[in-house]
């Protein structure tokens, strides 16, 4: 029986179908044709269908073999090749100081950054000056001209200041070095 035949059968019984009912009836008819719904015991004329008269025993349903689940895709291993670029997975915090030394600072004056030191005193010996600076650990260090700091070099020591050439770690800066002057006394306020 086709979908139109089912509509005609229902119309002959005095029933009408809406579009929603037609869809349901069409799905039921498709399920019946696929064998999912058993056939009615009688056709519309009241006679048993031929299939109902000759019922043959069905063979026992054989268990279906379990369907293998699709294999999970292989896990990708990601590796980053810098090729001269900054590694985006490294932290940017304190990048200028640890980046040069591999993370651990050297001991002594070589481990002090220019921004971290304060000048505590200047001494003269045999016509040359040397300075006493205090680090972030509150220890006092003695520096001489040409001593290397973490991010600079002591250029000169005067009676009241230390002049340091600091390496600039800014890719947008046109200058790669700048002079920093650490003075012994802070300029007095103007009255």
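Per-structure values
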{"item": "Single residue of the range 150-167 satisfying the filter (more than 19 Å from residue 105 (Cα to Cα) and not in a strand (DSSP E or B)) that is nearest to the chain's Cα centre (by Cα)", "result": "160"}
{"item": "Tally, over the range 108-133, of residues that are under 41 Å from the mean Cα position of the chain (by Cα) and either part of a strand (DSSP E or B) or more than 16 Å from residue 182 (Cα to Cα) (or both)", "result": "4"}
{"item": "Residues located in the range 134-149, provided they are outside any loop (DSSP other than H, G, I, E, B) and buried (at least 18 other Cβ atoms within 10 Å of the Cβ)", "result": "141, 143, 149"}
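Bear in mind these aren't lab numbers, they're just calculated from the coordinates by the rules spelled out. None of these values were measured; they are calculated from a predicted model. Heads up, the Cβs are rebuilt from the backbone with ideal geometry, glycines too, and the neighbour counts pull from every protein chain shown.
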